Structure formats: structure tokens, C-alpha cells
Amino acid sequence: MTVPEVSGTAARPRAQTRPRVRASAHIRRRRRLGWLFLLPLLATNGLVVFAPSLANLYYAFTDWSGVGEATWIGLENFERMLADPEFRSGLWHNVQWTALFLTVPIGLGLVGAFLLSQIRRFQLTFRIIYFIPFVMASTVNAAIWQNLLDPDQGAGAELDRAGIGLLAGVSFFGDPDLALISVAFVDNWHFWGFLVLLFLAAMQSVDPELYDAARVDGAGLWRQFWHVTLPGIRPTLVFAMVLVTIWSFLTFDYVYIITQGGPAGATETAATVLYKTVFEYGEAGYAAAMGVGLSAITIVLLLGYGLLRRLGWQI
Amino acid sequence: MSEPASTQFSEPLPRRAFLARTGQTALGMTALGALLGACGGSSKQGAGGKDGPQRTVGPAVGTVTLWYTIVNEEQREYYVRSNIEEFRKSHPRITLKASQKPVETADRVTQTALQAGSAPDIVIASGVAQALKYVEADYLLELDAYAEHYNWPDKVLRWALDAGRVDGKLYSVPTNYETIVVFYNRSLFEQRGWHPPNNRAELEALAQDAQASKVVPFMAGNAEWRPATEWFVSAFLNHGAGPQAVYEALRGERPWTDERFLEAVTLMSDWFKRGWFGGGVKQYFTNRFAPQYAAFAEGRAAMNLEGSWAFESIPGAFEGQAEWDWFPVPPLLDGAPSDLYSLATGGTMSINARSEAPDAAAAYLDFQFSTPQRVAAQLAEVGIAPPPVVLERSDFPTKADERVLRLYTSLGAATSTGTFGYTTWTFWPPRSNAYIYEQMEKVLVGDLEPREYLEGLDRLFRSELRRDRVPPAPPQRS
């Protein structure tokens, strides 16, 4: 019996098609399973993030006290927000806060990570020590620094009693000229250890041969850092800066715990103004507009970051 | 068990709510709708609230749910024993289900529950301003029929009932009431030969003498509670400009820029800048309560201008160290009355418009006002501020602290004559209230002049007045 040629050719596609059918069915099943696993998370996010966000967007265009009927007022809340001195002052403090956080903790994080990357012994110990403030509750961190910087019972007063009057009577959280930078300092102290670990992890992925080559070329530590380390961790650095900027515009906890926006509004940020607007002033519609405004800032930052990456920037 | 006492008042489902619910069901979005409702849905409960028919009182039976917010453990245990369990014993036909809520979030939780239609029968609010929001949204039941049925005008201090009225109808009653007085270190006063002052001149002389002898005249600080500044603003407005001027301003009949208010705010600012409160303006912003009470008890501070809630803290701080006492805030400007007490309510209670047992809920409210010995005992024994009932000396247990007893009997007697002050956190609308203490900080540090401060307050207050956000203020009657 001769096997017709055609049967061979006919058999080939069948043989090829079957696994493909099986494979695509398998992929579909796997995808379905994947979605099934994702479903609880998506449903939860839909309920606790997406739906309230939509509701927030709607209420941003209404006059609403937080209870009862909301009255549609179009863009009135946004017009008011742009002219609101309290919100603008809060936003200006956010800008100052961002400038502080883009320099001090980023700088400290880079230096700390670079120095740590140069040692082998006790590196883990230092990593833990640096990281401890980050895992401590913000209320605990804040309480520690409130006590340390208390003008009557803190370090300044103790030094004064020991004859060193440098910080005597300095009211870090009570002086409107010092309060914002003092609160930012506390938040910095809690945050910079996280950046050390982030940058250290990035630095450990930089090719060691690049350092060897730099050393052969006579580069010292600073030139190695500037010409090898920084370019090597640039994506991580830029990403950290974007995150720091976003978080700086949303900052709330340390300000609220330590000064509640005072004294005399010196530490008020956009988020504390928003919180007070809804929970103290009972103007939930207006607060929703502030929330939309803050989200818009974040979205613009992320879009800018994404755009630069698409344009080929290695960040 | 529950008799449908409220069925005669129930209304058909409003058209808007009906459409919303059927629409949601059709779309299978009930869960999302409930969430949106919890996030602030706009559906009205509309079950016999603001525009409901005239209520007639039925038998007090059924199940009543209640949320309460007492933080202090000793007070909470006492409250459960003397209030909740006593009510259950005396009202066997009513099932009272009570649960505690954190005081910081009670308003938010209640607000969400009201919107979601799952609020308790007794609706608590942090003050009349918050209760006013619920009235506007039709969440609360009118209480006039109950007030008449239970004869509340004879049991409850008149100002308290007036404070709960909106457009002449009663919607809320205060859970407790407090006032601002000057506590002083009696041992220190005796040691220095000082006497409680009766007027501004005497108070100023005392403060100068104290400061000269390195004693801070008033312990004060707002590091832990930024609104603490409004205690002082309330005192200076009422005891400086006078309660009648404040009442007229609250009614919109007198501007906040009036010279009397300007004089009062300027005086407060001057005293702060002299370092009489907390040792200085910058220190004031960082002073915390516990060290301040310690300084007060140790004689490093002479006086404390604070609310009667300080009865909870002062005895403990002074124990074994010194004796303390109090005197009413003296008149701070010419023309202000002496023996004046500014009124503050710690919270309000109302009945949910959707309650299935409103008559039983009203019986619980009445229980608060019908047992003066019980409330006097809870004040004397654990310091729970009493509801606004007339308290006689004979209502207090024999072991009651004379100073506590004197304050509440004096307060009741003074306010029943119809002369009382208005605290900013009770009678000001929300935004103006926050302005009072937040912007006053700017006056204290010199960023804002008192006149500019009052101009800003006047603008804000008038905008809230136009929007009906000003809580009802009981009138002066003297």
C-alpha cells in the first residue's frame, strides 16, 4: 500500500495545528487562571481606589459638605483653589519640601551607599542601622524628635545646662522660620536610609571592571563615583527622584503629627490643607478639587518621565 | 418584640432613591453603589426629618442602637455601668445595643453610616455644627414632640434646647456641657499672698507680679492640640467684648470688625507677646500638656485658662504637691459682665430619621435628663461632664469634690439667668472656627494685625452665614 504523498502533506499541517491549538488553549487557560488570581486584587482596587477616585472626580465639580445632596457647580472649586492663599501657601511649602528632599536625602543616600559599597566588613550592620528609622512608625520617630528638639527639655536645654548655649531657647517646631525645615529634617532622618539601600543595590549591579579600568586610569574615589557610579545607577537615581518629588507633593504624616500645619501656617502643605478642608471645614467638594489638583501634578510628573524615556533618555 | 411605633411616620421611597436603586440593581452594581454611597452618596434618607409630618409619641419599646465615644477607661467602665446598664434595668421593654467608637473618627463613621442608611438610632455628633449638616441632609428626626411629652423644658437648661433648634425646630440635645474658667495653684497663691482677681486690673497686676518672680502667669501650649488657641480667643471675645456683642455678631447683626472685638483681640495678642501664656509665643507653640501641668503643679506657672474638662487632669497632676482651685474668668474690658461663663457642648445626640424605634430612642434621651443624681455622681466620681440638666448641691454625693460641685452649680445658676458666653468651637461655623485659631497664630507671631484678622473673620463668617452654616446660638435673656 502506497501512502499517497498528499496524505503526508495533509498529515503535516494536522500534526502542526494540533499542538498549536492545544498550546493556544493552554495559554488561554493560563491567562484565565492568571486573571482569576488577579481578580480579588482588581476587585478590591476597583472598590477602594477606582470607584472612590471616580466619585472624587465627580465631587470636585460640586458644592458638597460631605453629607446630603451635592450641587453641581462646574469649575468653581478649581477657580477658587487657584486663588486660595492657604492652598497656594501649602503648595509653595511642598515646592520647598521637594527641593529639600531632592538634595539632602538624595545626596546623603548616594554618599552613604557609595561609602558602604567600599567596605565588606560590617556592611550588613550599617545597612540595618541606616534602615531602622525607615521601619519605625512615623508617630514614634516624630515623638523622639519632638522630645530631642524640645526647647525646655531637649538636647538644646541639656547642652545649655552643661554650659554650651548654642541651641539654648531655640524653638525648632515653634519658630515659624525654622518649623518647616525642622519637620523636613525629621522626615529626612527617617527616609534617607531607604535611599541608601536603594542606591546600594543599584551600585552593586555596576560592572566591577569599570572601577578597575578607572583605577588603572588613575581615578580616585571621587572620579570613580562621578564617572562610573553615577552613570551606572542613573535610571535608579532618576526613578528615586521622581518618587521623591511625587511623595513630597503628598507629604502629610510628619507635618500633621508634629505641628499640625502650625505655627502660623508655617508648615501647612497641600495635603494638610486638603485634610482640614474636608474634616474640619466640612467642604468635601472643594477638598475633592484639591485632590484632583494634586493628582494632576503627579500625573504630569509621570508623563514627563515616561516621555523622556520614550525619547531615548536612559533614565 | 419591636412595635412598629414609627410606621405611621414612614414615607414611600422617594422617586429619586427608587430610580437609583432599581437602576443599580439592573446594572448589578449594588455593591459599587453602596460604596459610592459610603464615599458620600447624595441620596437622602428622607424618612420624616426636616420636612416630615408632626410626630405623635408612641410607646417606648423596641431595639435602640447607640454609639458612644468615651476614651478614658475608668470613665468608660463607669459610663457602661451607670448609664447603659441602668437604662436597661429601668426600661426592660427596650433593648439598648451600645458600642464604643474612637472619638477621633466618630463623626466620619457616623456620617458614612448615615449616608449608607446604617447609622444607629441615636445619632451622635461632635457639636451643633456637625449636627446642623445632618439636619440639612434630612437625617435627623424633629424632637419637639418628645421635648413636650417628656417635659424637657423643665429638665434641661433652656440654652441647651435653644442650641439644638434649626428654624425653630429641635433636632439635637447636648450630651454634656463645659465652660472655661481660670484654674490656679492655690498653694502658690497663698505663699505669695495673691488673691483670685475680680477684674482686668487685678489680673494684670497679678500676672506682672508672677512674671517678675519668674513664674509664668498662665500655663499654656498648643503643640498637641492646635485648636487650644481658641480657648483663649473664646475667653477674650466673651469676657472682653461681652456676650451680647458676640451674640449679635453670631446673628450677623454686628460685624466682627467692631471696635470691641478689636480691643479684645489686641489685648489677647499683647498678653501673649508679653510672655504671659506658656512663657512666650514660640514656647507656646511647642508646649505640651503633661509638662505644662507639671509646671503648674510645681508652682512654675500660676494659672491655667482652660475648660472644665481639666478636672480630669488637674487633680492627678497636683496630687501630693500642692492645692488647686478655680475662679471665673474676670471681665477683661469695661462693660463685660462678671460671673460670666462661656458655654461649650462636648457633643450632641439626636434621633436617626430612619430609626425603627424612635420613641424608644427618645426614652433613652430622656433618661439622660431625668436622673440628675446619677449624672452628678458620674461627674463627681470619674469626671464625666454632665448633660445640660439643672444640678443642685443636693444632687451630688457627699464625697464630691467641692470645687467640681461649685463649678457646676455656679454654672447652672449663672446660665439659667440667661447670661452666658459662646465658645467658638460650639457656636461658630466650621471654617470660621478653624480660622479663629489658625489665623490667630499669625496675629501672635506678628504676621497679621488684629484688625486684618477680624476683617478676614468677618468676610469668612458672612459667607458661611449666607450659606446657613452658622449653628443656632441661644439668645441672651438678661
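The values are calculated or read from the model by the stated rules, or taken from the named source; none is laboratory data. Since we're looking at a predicted model, the values are computed, not measured. Cβ: placed from backbone, ideal geometry, glycine included. Neighbour counts: every protein chain shown.
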Inset, instruction - May I ask you to list the residues in region B:437-455 that are touching a residue at least 40 places away in the same chain (Cβ under 8 Å) and buried (at least 19 other Cβ atoms within 10 Å of the Cβ)? - result: B:TYR437, B:GLU438, B:MET440, B:GLU441, B:VAL443, B:LEU444, B:VAL445, B:PRO450, B:TYR453, B:LEU454
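Just checking, how many residues over region A:146-167 are among the acidic types (Asp, Glu) and within 9 Å of chain B (Cβ to nearest Cβ)?
The total comes to 2.
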Legend entry - Test: A:TRP226 is away from chain B (no Cβ under 14 Å), assigned to a helix (DSSP H, G or I), crowded, with 18+ Cβ neighbours inside 10 Å and modelled with pLDDT under 95: no
Legend entry - Residues being of a type in the set (Asp, Glu) and facing chain B (nearest Cβ under 7 Å) - total across region A:38-69: 1
Inset, instruction - Return yes when A:ILE246 is farther than 23 Å from A:TYR58 by Cα, surrounded by 14 or more Cβ atoms within 10 Å (Cβ to Cβ), away from chain B (no Cβ under 11 Å) and within 19 Å of the chain's Cα centre (by Cα) and no when it is not. - result: yes
Inset, instruction - Restricting attention to strands (runs of 3 or more DSSP E) lying wholly within region B:283-373, give those where 2 or more residues are in contact with a strand residue (DSSP E or B) (Cβ under 9 Å, 6 or more places away or on another chain) and surrounded by 24 or more Cβ atoms within 10 Å (Cβ to Cβ). - result: B:301-307, B:342-351
Inset, instruction - Please verify whether region A:69-83 includes one or more residues that are surrounded by 16 or more Cβ atoms within 10 Å (Cβ to Cβ), over 27 Å from the mean Cα position of the chain (by Cα) and small (Gly, Ala, Ser). - result: yes
Legend entry - Failed item in (1) within 14 Å of another protein chain (Cβ to nearest Cβ); (2) more than 25 Å from B:VAL281 (Cα to Cα), with A:ARG120 passing the rest: (1)
Legend entry - Criterion violated by B:PHE236 - all others in (1) surrounded by 23 or more Cβ atoms within 10 Å (Cβ to Cβ); (2) within 14 Å of chain A (Cβ to nearest Cβ) satisfied: (2)
Legend entry - region B:117-136 - residue that is over 24 Å from B:TYR78 (Cα atoms), modelled with pLDDT of 90 or more and hydrophobic (A, V, I, L, M, F, W, C) and, of those, surrounded by the fewest Cβ atoms within 10 Å (Cβ to Cβ): B:ALA119
Inset, instruction - Given the conditions (1) surrounded by 17 or more Cβ atoms within 10 Å (Cβ to Cβ); (2) more than 26 Å from B:GLN130 (Cβ to Cβ), report the number of the one that A:ALA289 does not fulfil. - result: (2)
Legend entry - Exclusive hit being within 14 Å of chain A (Cβ to nearest Cβ), surrounded by 22 or more Cβ atoms within 10 Å (Cβ to Cβ) and modelled with pLDDT of 90 or more, set B:LEU141, B:LEU114: B:LEU114
Inset, instruction - Please state which one of A:PHE87, A:PHE101 is in contact (Cβ under 8 Å) with a residue 60 or more places away in the chain, touching a helix residue (DSSP H, G or I) at 6+ places or on another chain (Cβ under 7 Å) and within 14 Å of another protein chain (Cβ to nearest Cβ). - result: A:PHE87
Inset, instruction - Enumerate the pairs (first residue in region A:249-275 and farther than 18 Å from B:VAL281 by Cβ; second residue anywhere and of a type in the set (Asp, Glu)) with beta-carbon separation below 6 Å, excluding pairs fewer than 6 apart on the same chain, so at least 6 apart or on different chains. - result: A:TYR254/A:ASP187; A:VAL273/A:GLU86
Legend entry - Residue list for region A:137-182, restricted to those being outside any helix (DSSP H, G or I) and either touching a residue at least 40 places away in the same chain (Cβ under 8 Å) or within 28 Å of the chain's Cα centre (by Cα) (or both): A:ALA137, A:LEU149, A:PHE172, A:PHE173, A:GLY174, A:ASP175, A:PRO176, A:ASP177, A:LEU178
Inset, instruction - Those residues that are within 9 Å of chain B (Cβ to nearest Cβ) and surrounded by fewer than 23 Cβ atoms within 10 Å (Cβ to Cβ), I need them from region A:249-263; list them, please. - result: A:GLN260
Inset, instruction - Say whether the condition of being touching a residue at least 12 places away in the same chain (Cβ under 8 Å) and within 27 Å of A:ILE299 (Cα to Cα) is met by at least one residue in region A:203-217. - result: no
Legend entry - Among the residues listed as A:ARG32, A:ARG80, the single one being basic (Lys, Arg), over 30 Å from A:LEU195 (Cα atoms) and within 14 Å of another protein chain (Cβ to nearest Cβ): A:ARG80
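Inside region A:258-273, can you point out the residues that are under 15 Å from B:GLU438 (Cα atoms) and within 25 Å of the chain's Cα centre (by Cα)?
Correct list: A:THR259, A:GLN260, A:GLY261, A:GLY262, A:GLY265, A:ALA266, A:THR267, A:GLU268, A:THR269, A:THR272, A:VAL273.
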Inset, instruction - Scan region B:189-226 for residues that are surrounded by 17 or more Cβ atoms within 10 Å (Cβ to Cβ) and part of a helix (DSSP H, G or I) and jot them down. - result: B:PHE189, B:ARG200, B:LEU203, B:GLU204, B:LEU206, B:ALA207, B:ALA210, B:ARG226
Legend entry - Options B:VAL135, B:VAL109; residue that is facing another protein chain (nearest Cβ under 10 Å), among the aliphatic types (A, V, I, L, M), closer than 20 Å to B:GLY347 by Cβ and part of a helix (DSSP H, G or I): B:VAL135
